[in-house]
Amino acid sequence: MTLPKVYVGIPIQEVGLKLLRGNVDFKVLEKNGVPPRDELLRDLRDVEGLLGSIPIRVDAELFDAAPKLRVVSNYAVGYDNIDVPEATKRGICITNTPDVLTPATADLAFSLILASARRLIEANAFLRSGDWKVWGPELLVGQEVAGSTIGIIGMGNIGQAVAKRARGFDMKVLYFSRSRCPEAESTLDAKYVPLVELLRESDFVSLHCPLTESTRGLIGAKELRSMKKTAILINTARGPLVDPQALYTACAEGWIWGAGLDVFVKEPVPLDEPLLKLVNVTTFPHIGSASRIARDGMAIRSAENLLSVLQGKKPRDLVNKEVWK
Ligand code: DGY
């Protein structure tokens, strides 16, 4: 029996590869990195499945190069790297990896909240540089997290997990989302408010919505100007939700107190990005889901989704449900 051909364009964990062995005939990209576009397109000529992730742009050009393609399994919960309407038009299934990375990503958002508010990265550098000569009342004073107000934009799984953590810190939870979340309102006492009110009232504004044409540039100069001078913006979702020039000015000129960023418009972020020069901007290299449990879970889930489609079963995490008849 000939096995369906698959291209694994990201070096996923062994726990995922193990599931593929014996079920599909696959080639895997050995090292982190984006395969050169022409090589990638050549490798896709005969494949029925692609397991990819954020660095691989999946669009009409790619679909044209892969006429037998039936499924693109994204090793990520976000799928803004994929032209989903185009896939749907061609009857190609798109899947993602929700749930397994929720706790890790919420933990990371909370790490950014604490690190930014309490100036932890700056404090670590200060100590190691030998500048710590004497303890003093104003030494590295930051913002208090406990008892403050958090505004969550996007109350999906990750937004709710952040809200749960915030309640553990006695924070008041405001949220703005595409749709109301009755569960968060009843169990976490989260209050749905218009975006303008959320921006005006929150001490921390944390982004957890997907990147779409309607959320691109959601936070720009006007929004940043409406925030408290003591507020901190946290972004663990997608870089293009925020206008980086406006954020730079806001943090440099004190419109807001600072920002904590795990994601950027261009990734890896170029070292001459002005935001990296600011001490009140805490930055991580897109590691929201980088826990052992989450990454293994993503490998398993993306392999399972891919296999399901190729074996004629409806995948658990089908994004474009309308393709499954
Ligand atoms: C995702 O899954 O969308 C993250 O950004 C990477 O884990």
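Structure data summary
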read-out	value
Output for the stretch 60-82, where each listed residue is part of a loop (DSSP other than H, G, I, E, B), within 14 Å of the ligand (Cβ to nearest atom) and touching a Gly at 6+ places or on another chain (Cβ under 8 Å)	Y75, N81
Matching residues in the stretch 17-43 - criterion: being polar (S, T, N, Q) and surrounded by 12 or more Cβ atoms within 10 Å (Cβ to Cβ)	N23
Candidates T215, T149, filtered to the one that is modelled with pLDDT of 95 or more, surrounded by 13 or more Cβ atoms within 10 Å (Cβ to Cβ) and within 16 Å of the ligand (Cβ to nearest atom)	T215
In the stretch 275-322, residue surrounded by the most Cβ atoms within 10 Å (Cβ to Cβ) [restricted to those that are assigned to a helix (DSSP H, G or I) and within 11 Å of the ligand (Cβ to nearest atom)]	S302
Any chance P85 is surrounded by fewer than 22 Cβ atoms within 10 Å (Cβ to Cβ), away from the ligand (no atom under 12 Å from the Cβ) and not in a loop (DSSP other than H, G, I, E, B)	yes
Residue tally, condition surrounded by 12 or more Cβ atoms within 10 Å (Cβ to Cβ) and part of a helix (DSSP H, G or I), over the stretch 97-137	22
Members of the stretch 42-52 found to be within 14 Å of the ligand (Cβ to nearest atom) and either without any contact (Cβ under 8 Å) to a residue 60 or more places away in the chain or in the same structural domain as K266 (by TED's automatic domain parsing) (or both), listed by number	G52
Within the stretch 3-59, considering residues that are of a type in the set (G, A, S) and in a strand (DSSP E or B), the one modelled with the highest pLDDT	G49
Residue match in the stretch 125-143 (condition: touching a Gly at 6+ places or on another chain (Cβ under 8 Å) and modelled with pLDDT of 95 or more)	no
Test: residue in the stretch 290-302 that is hydroxyl-bearing (S, T, Y) and under 27 Å from F176 (Cα atoms)	no
Scan of the stretch 220-260 for residues that are among the β-branched types (V, I, T) and either surrounded by fewer than 17 Cβ atoms within 10 Å (Cβ to Cβ) or in the same structural domain as I54 (by TED's automatic domain parsing) (or both), ordered by number	T230, T249
Long-range neighbours under 6 Å by Cβ, at least six apart or interchain, first residue in the same structural domain as S202 (by TED's automatic domain parsing) within the stretch 164-186, second outside any helix (DSSP H, G or I) and of a type in the set (K, R)	L174/K191
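The values are calculated or read from the model by the stated rules, or taken from the named source; none is laboratory data. The structure presented is a predicted model; accordingly, all values stated were derived computationally and were not measured. Methodologically, a virtual Cβ is constructed for each residue, glycine included, from the backbone with ideal geometry; neighbour enumeration extends over all protein chains shown.
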